[in-house]
Structures are given as C-alpha cells and as structure tokens.
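Derivation of every value follows stated rules applied to the coordinates shown; laboratory data play no part. Quick caveat: nothing in here was measured; it's all calculated off a predicted structure. In this analysis, Cβ positions are derived from the backbone assuming ideal geometry, glycine residues included, and neighbour counts consider all displayed protein chains.
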Amino acid sequence: MERDSKGRFVKGGIPWTKGKKGIHLSPATEFKKGIHYSPATEFKKGENLREEHRNWKGGRTKLKIGYIWKYAPNHPRAYRNGVYEHILVAEKKIGRFLEKKECVHHINGIKDDNRPENIVVCLTNAEHKKCYHRRKRCGC
C-alpha cells in the first residue's frame, strides 16, 4: 500500500503483494500442506473419536440454558449430531418419534430432570404454555 508523508496508508493505494501470488518471505517458515514433521504428532483421521477419546463422557452435555444435550446423529430431530435428552426420553415413553408440533413439558419445571414420570408430551405449543402457566399459578 502506498503511504503519505506521515506514514499513513493512502485510500485506494495498491498493496505491495498485488500480483505476487505464491510469494513467501521465508521458505523455511512456510507451512507446507500435507507435510507432517513427526509421525507421533500427526493427526490420524478416525482415531480418538467419540468412545475412543480419553475425554468422552457418553455424548451427554449440560448446556448453559439448563437442558441436557445428547449425541444422537441418526435422529430425525438431530441438530449438529445431537438432540435434547428430554425429547429422547419422551419418545421412548410414548414409543414413537415426536411430531413437528408436539413439545415436551417438565412437570416440576427443572430442565435437567429428565425422569419419565416428570415429562409430559403436549400436542401443541399453546397446550404447553397452559401447562407452564398452570404450574406457576397453583404453585405446584
């Protein structure tokens, strides 16, 4: 880029690298694609995935919003290879996949309490809101 007398860049100036594709300042420090310098540190695709990894915790993660996310890549509702655990528990309880409009309600209001007796499947979101507000009003 061109600079003015005070050393600032001039708008519309041409950078010094323009048209110099592939030029590197030092070939010794250049990253060479596909070259691994030590077989011990080379990443091997397919190794240390899921159950094989030393930090694998069963594919179960508690999210900041309070729900538990479970690894389930083949599930119809899977997003980023996972589903909320309360959905999986509700589906196991009713013996089928949930439909698009159906949602799951935690009776006691605790988001990570996914016991089958604490989960109710609501047919619509409106019904779910009624369950939620009914619990708030009566103090259940």
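Can you tell me how much longer the chain between Lys18 and Tyr132 gets when fully stretched, taken as 0.36 nm per residue apart minus their C-alpha distance, in nm with one decimal?
This chain segment gains 34.9 nm when fully extended.
Taking 0.692 mPa s as the viscosity and 37 °C as the temperature, the Stokes-Einstein diffusion coefficient of the stretch 60-138 based on its alpha-carbon Kirkwood radius rounds to 252 µm²/s.
Within a straight-line Cα-Cα reach of under 18 Å, Lys92 can be paired with the following aspartates and glutamates, leaving aside sequence neighbours fewer than 8 residues apart in one chain: Glu102, Asp112, Asp113, Glu117.
Computed from point charges on the beta carbon alone (+1 for Lys and Arg, -1 for Asp and Glu), the dipole magnitude for the stretch 60-138 about its Cα centre is near 260 Debye.
Output the pairs from Lys62/Lys129; Lys62/Lys100; Lys70/Lys111 with a Cα-Cα distance over 19 Å in this structure; if there are none, say none. Can you show the working numbers first?
On the way: Lys62/Lys129 24 Å; Lys62/Lys100 24 Å; Lys70/Lys111 14 Å.
Correct reply: Lys62/Lys129; Lys62/Lys100.
In the neighborhood of Ile87, defined by Cβ-to-Cβ distances under 11 Å, what is the net charge if each Lys or Arg adds +1 and each Asp or Glu adds -1? Walk me through the numbers on the way to the answer.
Details: positive: Lys70, Arg77, Lys92, Lys93; negative: Glu85, Glu91, Glu102.
Every neighbour counted, the sum reads +1.
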